[in-house]
1. Using a/c under 1.5 as the rounded threshold, could you call the stretch 109-174 rounded, prolate or oblate? The axes a ≥ b ≥ c are square roots of the C-alpha gyration tensor eigenvalues, and prolate needs a/b larger than b/c, oblate otherwise.
2. Taking the Cα centre of the stretch 267-406 as origin, sum charge times position over the Cβ atoms of Lys and Arg (+1) and Asp and Glu (-1), and report the length of that vector in debye to the nearest 20.
3. Spelling out what I want: for every residue of the stretch 337-344, take phi, set θ = phi - 60°, compute 6.51 cos²θ - 1.76 cosθ + 1.60 (Karplus), and round to whole Hz; glycine and proline get x.
4. Run the numbers on the stretch 199-269 and let me know its relative contact order in percent, using alpha-carbon pairs under 8 Å that are six or more apart.
5. Rounded, prolate or oblate: which fits the stretch 165-220, taking a ≥ b ≥ c as square roots of the Cα gyration tensor eigenvalues, rounded meaning a/c under 1.5, else prolate when a/b beats b/c?
6. Mind running the shape call on the stretch 72-214? Use the C-alpha gyration tensor, a ≥ b ≥ c as the square roots of the eigenvalues: rounded below 1.5 for a/c, prolate if a/b tops b/c, oblate otherwise.
7. With a 10 Å Cβ neighbour count serving as the proxy for reagent exposure, in which order, fewest first, do GLU365, GLU194, GLU280 appear?
8. Roughly how far apart, in whole Å, are the Cα centres of the stretch 238-311 and the stretch 158-180?
Amino acid sequence: MNLFVRSNPSLCLHIDGVLRALCFSTDTTAISHSLNRRISMVEDPMVPVIPVIEKWVQEGQVVTNSDLKHFIRKLRKIHRFSHALQISQWMSDQRGHNLSPGDVAVRLDLISKVHGLEQAVTYFNSVPESLRGLEVYGALLNCYAHYKHLEEAEATMRKMREMGFVRNVLSYNVMLNLYYQMGKYEKIQVLMQEMEKWGICFSNITYKILLNAYVATSNIEEIKKILMKMEADPLVSIDWYAYVVAANGYLKAGLIDKTLTMLWRSEQLISGKSARFACETLLSLYTAVGNKEQVYRVWNLYKTKGRSLNSSYLCMINSLLKLDDVDGAERIWEEWVSIVKFFDIRIPNVMVSAYSKKGLWEKAEAFVGKIVASGIKIEASTLDRLATGYHVRGQMLKASETIKKAISISQPGWKPNVYTLAACLEYLKGREDVKKIEDPLKILKEHCHLSSVSYDRLNSSIIDKENLCARALDHMEGEDQALNGETPAATEFEDKDSAEI
């Protein structure tokens with residue numbers, strides 16, 4: 001079979017494509033591929049994966065250290081860190097595998113992710129000096145940076161300088177990103193000068209960290225300089241995201257023309273798998289600029305590039321609602337309903353939220369009625385937003401009835417808009433004409449959505465009753481932003497070369 005594959009290049013490419021499409025692919029043998037499949041089925045991180053490998057060996061099958069390292073790489077990529085760590089430890093503890101500096105670096109990273117920084121440092125201190133090379137110190141630096149331990153990261157960087165380990169861009173990117181994350185912008189400049197002194201070339205990651213730092217400080221001149229350097233650097237391939245970051249900076253400074261120029265340049269570089277995310281980003285930024293014409297243009301262009309996903313419809317509807325184009329949002333909603341295969345509750349929720357913010361409770365009510373009439377199961381989060389709409393317009397009887405229903409159909413762990421709930425409790429208190437309505441707080445407690453402290457706080461009316469309508473709307477808007485996502489601005493950068501340590 002192997003000979004047949006090697007002698008048929010087209011078949012080889014086809015098989016390779018199929019294997020790469022699988023979560024756990026491998027280029028070794030059919031046997032190791034079968035073990036891959038067994039490992040992939042152990043999805044629960046609390047279930048140990050080693051018994052699967054041991055059973056495989058007991059069956060008389062072979063698994064090499066190369067196979068095991070391959071499994072570790074794949075597990076790390078899909079964030080199954082606990083299982084990757086188990087295999088790493090099994091290799092050395094049960095198989096007698098002598099760890100290389102690269103193996104140590106990977107284990108250090110895994111221990112940090114699974115057990116925390118303290119245990120990672122303890123492990124590092126147990127590693128013999130002979131194994132503490134660039135990879136291991138780089139992994140330790142990553143650990144400190146991930147947990148934002150600035151002093152320890154700086155001390156590690158100093159040690160790496162002393163040992164001659166910082167003549168590459170990876171460690172500098174880690175420190176630059178840490179300084180950016182922690183707002184230590186003055187230290188970024190010092191590190192840049194050090195890189196120039198040692199002749200360390202900037203990478204794409206370096207430039208993007210710097211761009212974001214200058215956007216955060218509204219340093220327009222430095223944004224221009226970084227873009228010019230990126231465009232002139234033959235070793236760097238500038239992408240759409242760099243211009244988006246710059247557009248954010250110009251928008252923040254109120255420079256609309258420059259913002260639009262950056263967005264146009266960004267659009268020219270969109271391609272491949274990033275197209276959906278890029279177009280959603282452009283929609284959000286054109287919305288922030290207030291340019292509805294461009295929002296529609298990008299949306300229509302995006303739809304010609306293939307199937308639109310729920311997240312894209314959510315982004316477009318959200319954009320139109322922010323631009324006060326409710327009619328347009330309703331048209332996009334109708335289009336989505338006509339093609340949707342997997343119902344996404346966030347999309348109707350954002351519509352109900354919009355109606356509620358505008359006090360259009362009748363429209364919100366009719367909208368929820370349409371959803372119910374279509375046979376779609378309504379969720380507590382949708383009714384919660386409808387209750388807030390009633391609350392905003394002073395329809396407290398309806399608000400109380402609706403929030404009670406929302407609580408009654410909710411899943412464990414869900415919590416209502418606490419400010420609308422507080423307003424309903426205040427309304428119900430001592431009113432003879434509404435005693436037929438069961439106390440929502442009682443239902444909430446029975447559904448185990450509130451801690452005893454929260455229950456007592458609400459029940460004792462300790463919650464601040466001032467401006468409950470405004471606070472309820474703010475709370476709802478915050479929830480929508482958390483679910484929908486806002487215009488991306490880089491917060492953490494991962495260099496592809498350092499991801500595998």
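1. Numbers: a/c = 1.83, a/b = 1.24, b/c = 1.47.
Note, shape of the stretch 109-174 comes out oblate.
2. Numbers: 21 positive and 15 negative charges, 58 e Å.
Dipole of the stretch 267-406, to the nearest 20 debye: 280 debye.
3. Whole-Hz 3J(HN,Hα) from phi for the stretch 337-344: 4, 6, 10, 4, 10, 10, 5, 10.
4. Values: 69 pairs, mean separation 22.2, N = 71.
Contact order relative to length: 31 percent.
5. Values: a/c = 1.79, a/b = 1.73, b/c = 1.04.
Taking the square roots of the gyration eigenvalues as a ≥ b ≥ c, the stretch 165-220 is prolate.
6. On the way: a/c = 2.15, a/b = 1.78, b/c = 1.21.
The shape class here is prolate.
7. Working: GLU365 18, GLU194 14, GLU280 24.
With the sparsest Cβ surroundings first, the list reads GLU194, GLU365, GLU280.
8. Centre-to-centre distance over Cα atoms comes out at 33 Å.
Each reported figure results from applying straightforward, stated rules to the coordinates on display, with no laboratory input. The structure displayed is predicted, hence computed values, not measured ones. Note that we place each Cβ from the backbone using ideal geometry, even for glycine, and neighbour counts take in every protein chain shown.
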